Amino acid sequence: MKVAAIGDNCIDLYENLDRYYCTGNAVDFAVHMKRLGEEVSVISTTGNDRYGEEMLRILKKEGIDISHLKTGDGPTAISYMDLVDKERIYGDYVEGVMEHVEFSEEDIEFAAHHDLIHLAFWGNAHMHLPGLKKYGAKICFDYATEVEDPLVDETIGYVDYAFFSFEEADLSVREFLKKRVSQGPKVAVVTLGDKGSIAYDGKQFYEFGIFPATVVNTVGAGDSFMAGFMYGIMTGREIPRCQELGAKIAARVIETFEPWKL
């Protein structure tokens, strides 16, 4: 299986702790997929600063194809973070070279010849979904908490596996999943933090909880869950087993400070 992750890469910088790590939705998804044994490419643009150099070095060390991870003329994107009671707190996001990122026709054609393509709300690649869809690869998209943003209606018809994040598992979640699956996806999934996940495939709902973990930092839990879930889908597992695998990986991730332990 060949997997392409298109979108953002950045540095999470904890100034109060004097710590940082390489991350980004596409990067986190790619690393976890690679560690599950798949052939993975990251398609993005990083900066020509020391953070960008480290991003390239680390992804190369992980064995990820970075032939379409360009180096732009400017700083790597930075998310300024804090940690309060082991929960991530997002501060300012300085986009750097990601502010004007562009994906060439060559990038999109390269991505389209993978078996699975992963994109996300902040990856600035959603406009290429029609072009990617026509090649027949499976497409998964992380909408995160932007559950009612106009971008959802604009793009979801091109998405096979749609992921969202809610805080509560009330009845509105099931109605939301029904609505989204009716717009095109094979499966829509809502992650609920420590309450687990709910998936819907147009026929029935599937609920799964979490695995016990000693929380160090919740950053990366969602990206790792998606990687585990999609690995399960691509290897022919039933949806509950996909949720289980996603939950297992997420539990390991939140026991470390980084979204994937070096």
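The values are calculated or read from the model by the stated rules, or taken from the named source; none is laboratory data. This is a predicted model, so every value here is computed, not measured. Neighbour counts are summed over all protein chains in view; Cβ atoms, including those assigned to glycine, are modelled from backbone coordinates with ideal geometry. Only protein heavy atoms, including side chains, enter the accessible area calculation; ligands, DNA and RNA are left aside. Shrake-Rupley method; radii C 1.70, N 1.55, O 1.52, S 1.80 Å.
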Exercise for the section: Go ahead and run the numbers for FRET between VAL84 and ASN48, Cβ-Cβ distance against an R0 of 30 Å, rounding to 0.05. Expected result: 0.35
Problem - Cα-Cα over 31 Å, subset of LYS70/LYS179; LYS60/LYS186; LYS86/LYS203; LYS138/LYS178 - result: LYS70/LYS179; LYS60/LYS186; LYS86/LYS203
Exercise for the section: Can you grab the distance from the C-alpha centre of the range 1-33 to the C-alpha centre of the range 118-148, Å, no decimals? Expected result: 17 Å
Practice task
May I ask you to give the solvent-accessible area per residue for the range 149-250, in square angstrom, as obtained with a 1.4 angstrom probe?
Solution key: 43 Å²
Exercise for the section: Give me the distance in nm between label points sitting 7 Å out from Cα along the Cα-to-Cβ direction at THR214 and LYS134, one decimal. Expected result: 5.4 nm
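Kindly work out what percent of the DSSP beta bridges joining two residues of the chain are antiparallel, to the nearest 5.
Values: 19 of 48 bridges.
Counting DSSP beta bridges with both partners in the chain, the antiparallel share is about 40 percent.
Suppose we keep just the DSSP beta bridges with both residues in the range 45-114; what percent of those would be antiparallel, to 5? Mind dumping the intermediate values first?
Working: 6 of 8 bridges.
Bridges in the range 45-114 are about 75 percent antiparallel.
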Exercise for the section: Find the relative contact order for the range 1-64 and round it to a whole percent, using C-alpha pairs within less than 8 Å whose residues are 6+ positions apart. Expected result: 37 percent
Problem - Over the range 7-129, relative contact order from alpha-carbon pairs under 8 Å, at least 6 apart, % - result: 28 percent
Practice task
Between GLU238 and LEU151, with labels modelled 7 Å along Cα→Cβ, what's the label distance in nm to one decimal, could you check?
Solution key: 3.5 nm
Practice task
Could you tell me what percent of the accessible area of the chain is made up of carbon and sulfur, with a 1.4 Å probe and every protein chain present?
Solution key: 48 percent
Practice task
Could you give the size of the charge dipole of the chain about its Cα centre, using +1 on the Cβ of each K and R and -1 on the Cβ of each D and E, expressed in debye and rounded to the nearest 20?
Solution key: 1160 debye
Problem - Environment charge of GLU62, counting only residues whose C-beta is closer than 9 Å and scoring Lys/Arg +1, Asp/Glu -1 - result: +4
Handout entry: Helix-only mean residue ellipticity at 222 nm for the chain, each DSSP H run of n ≥ 4 adding -39500 (n - 2.57), per residue, nearest 500
Key = -9500 deg cm²/dmol
Exercise for the section: Considering Cα pairs under 8 angstrom that are at least six residues apart, work out the relative contact order of the range 80-190 and quote it in whole percent. Expected result: 18 percent
